[in-house]
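Input: a single structure, listed below in structure tokens.
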Amino acid sequence: MNREVFEAAQAAYAKHEYIETLTILNDLIGETSAPEAFVLLGEALEKLGLATEAAEAFKQAAEIDPDLGQRHRLRAAELYFTAGDDDQVQLIGMGLLKALPDDPQLAFLLARSFRRTGDSALVDRVKHTLVSSDDKDHLMLAGELFAEEERDPAVLTLFRKLAALQPDDPYTQFKYMAVARDFCDYEALAALEERLATALANGDLSMTEGETGYSNLLHCGDERLNRLATNNRDLAVKLSPSQSRQRRMRPHTWAQKIRVGYLSSDLWDDHATMRLFQSVLEAHDRDRFDVTLYCYTPERFIGFDGGNRQKWEPIVSLRDLTDPQAADLIRARGTDILVDLKGHTGGSRANILNQMAAPVQVAWLGFPGSTVNIDLDYVIGDPIVLPNSSKPHYHEKFCRLPESYQPNDPVYRALPPATSRAELGLPEDRFVFAAFNTARKISLTTLDLWANILHEAENAILWLMLDGDVPRSNFLKAMASRNVSPNQIVFAPKTAYPDHIARLQAADTGLDTFPYNGHTTTSDKLWAGLPVLTARGTNFASRVSESLLNAIGLSELVAETPADFVEMAVRLANDPAAMAALKKTIAANRFTAPLFDAERFCRHLETAYVMMTERARTGQPPEHFDIPAMPSRTAPFR
């Protein structure tokens, strides 16, 4: 190669004379096989915005220079990406992947290309490599790709790195907190919660904007603060105070029957919501109520239904409609009362209610708190979960059912015989506390209480449901730091629902979580005949177990304070006769007390709907009201 000509081309490039650089290289390229000439050509072409031509030059350099071939091919693939040629990107990139399986820059390139072409399976093949990087762009892309992951341990590493890179971004910090809860990383939780507490003590409320309403309830029992957690990407536009009045004033034709619509994405019979609700749904008086399910359940979940879904017709799909289109459809069907069963939980489309969908709009069952920024007239609860002291913290008016806000299905819910302790690997001679709430509900407060119980009840073991090596290891580490022996911990895997109900019967009693109680988990334990110990709460989410225990006649299992909760657990662990009596109470009350009486619950719920529509028909604004209880049953309902 003529070095003088090449050096002249380099000099032109250094002076940003890219056309001159190409002119000088034009003759040289034809008579040389020097890779550096093709690299310089590619760089000049890139500067001129000729990405495809630049990529070809780097490919040529790679063919000439085997030692730097991988680097030049990667550069060519990056230029093809800029040019929008994903076929070439993926052809070159997949070839390089064999030689560079752990290269984060290659993974970054391929992940973006596969996303652009919709090849999600191939994105999954490379996304873990991004987590190993310390490059911010790589990690930000990984954050998008892992945003919906809950079980992959890589997300804990990923969001720890992102939180360190963006210490002042509340959205990133709270995402890290949510992931740390899922994986029981209590050291991270302690640091994050301490930082939040300091900010709040100093009057700095800015961090709360980065937290979702659901996530906030997992660690905060303060109703005033619960309302400040408003991170919801689907609710970018804040609700206007006048919108509710405008909605209620819209012309509406009332029919003889009350037309009720239930809005949810959880409409299959194996979902927790429908394990609670389906018998109430089927008990509706169809002579007085016209009931429709407005469904945006993903197709893959509908496939899990065991056959009951067909009994719930009519089901109207909203899955392919925008929120305004869905609201138009709901209005066109003349819906009087639209009941949202999701609130601020995963997959919710509660924003449909912000499109003036129905003259009466109600929150129930899905979210244990005020559904901030959603146009709602009422929230359905009961006197325990929604006491008068909570009214200032809700924009919704309270509709309080007389016994418990939570419906329960006594018809389709499995109730198999107990599984033996031997089959479950549990010791016959130890007292077994069962804790089957999801990992994210095991707060630092809960850890301390459980540890105190195990210290004093030395013959007891804690049997809890945690899946995965990382959560289990982190949990054991946290309990060891509280001087609890691993010999007092037994882990249970997730299992099919009938098997779960069967195994619960092998325990002696259940322990609750705080501040977010067991909800369906608590009623499952009671259905299985297992007493549950809880403590009096300070917001909806922390009062649910009390509501359920009251509805089955076991209010004595609600401790006044956390210290009383520990004392009660230790006392019962040393009193087999008392435990046996509690189990007998559940067995005696299961089919007579209100908790599992779906037909009774439905009649109370229908009374609520009648009272709501009577106010709406006469132009009266929503107001707090309580439903009177029907006379107690004198015979079992099943």
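Where a number appears in this text, it was derived from the coordinates with a stated rule and is not lab data. Predicted model, so just to flag it, every value in this text is computed and none were measured. Backbone-built Cβ (ideal geometry, glycine too); neighbour counts: all protein chains shown.
Observations on the structure shown:
- Over the chain, Cα pairs under 8 Å with separation of 6+ residues give a relative contact order of 11 percent.
- Over the C-alpha trace of the stretch 243-400, radius of gyration and Dmax come out as 15.2, 43 angstrom.
- Projected label points at ASP168 and MET611, each 7 Å from Cα along the beta carbon direction, are separated by 5.1 nanometres.
- DSSP-loop GluC sites (Glu not before Pro) across the stretch 129-194, with at most 16 other Cβ within 10 angstrom: GLU148, GLU149, GLU150
- Annotation: average projected area of the stretch 66-179 is 7.4 square nanometres, based on the convex hull of Cα atoms across all directions.
- Cα-based helix-to-principal-axis angle, 18-30 vs the chain, degrees rounded to 10: 70 degrees
- Footprinting exposure proxy for HIS72, HIS128 (fewest neighbouring C-beta atoms within 10 Å first): HIS128, HIS72
- Over 25 Å (Cα to Cα) - which of LYS98/LYS127; LYS47/LYS127; LYS441/LYS584; LYS342/LYS525 fall in this group: LYS47/LYS127; LYS441/LYS584
- Order of PHE625, PHE183, PHE540, PHE6 - criterion: other Cβ atoms within 10 Å of each residue's Cβ, fewest first: PHE625, PHE6, PHE183, PHE540
- Database remark: amide H of ARG333 closer than 5 angstrom to no amide H (H placed geometrically; neighbours at sequence offset of 5 or more, or on other chains; Pro and chain starts carry no H).
- Crossing angle, helix 469-480 versus the chain [Cα axis fit, 0-90 degrees, rounded to tens]: 60 degrees
- ALA492 long-range amide H proximity, modeled H, under 5 Å: LEU464, MET465, LEU466
- 0 to 90° range, to nearest 10: angle between helix 170-182 axis and the chain longest Cα axis: 60 degrees
- Shape class of the stretch 283-323 from the alpha-carbon gyration tensor: oblate, with a/c at 1.5 or above and b/c at least as large as a/b.
- Where GluC sites (Glu not before Pro) fall in DSSP loop in the stretch 382-468, at most 14 other Cβ within 10 Å: GLU428, GLU458
- Pairwise centroid distance, computed over Cα atoms, of the stretch 564-638 with the stretch 40-101, Å: 68 Å
- Our helix-only sum for the chain, with -39,500 (n - 2.57) per DSSP H run of n ≥ 4 divided by its residues, gives a mean residue ellipticity at 222 nm of -14500 deg cm²/dmol.
- If you model the stretch 421-590 as an ellipsoid using its alpha carbon gyration tensor, with each semi-axis the square root of five times an eigenvalue, the axes come out at 22, 18, 16 Å, biggest first.
- Taking 0.36 nm per residue of separation and subtracting the Cα-Cα distance, full extension of the segment from THR438 to ARG160 would add 97.9 nm.
- The ranking of LEU449, LEU165 from fewest to most other beta carbons within 10 Å of each one's beta carbon is LEU165, LEU449.
- Kirkwood hydrodynamic radius of the stretch 94-238, from the reciprocal of the average inverse Cα-Cα distance over all distinct pairs: 16.5 Å.
- Here the Karplus relation 6.51 cos²θ - 1.76 cosθ + 1.60, evaluated at θ = phi - 60°, turns the backbone of the stretch 616-625 into coupling constants of 5, 4, 9, x, 7, x, x, 8, 4, 7 Hz, with x for every Gly and Pro.
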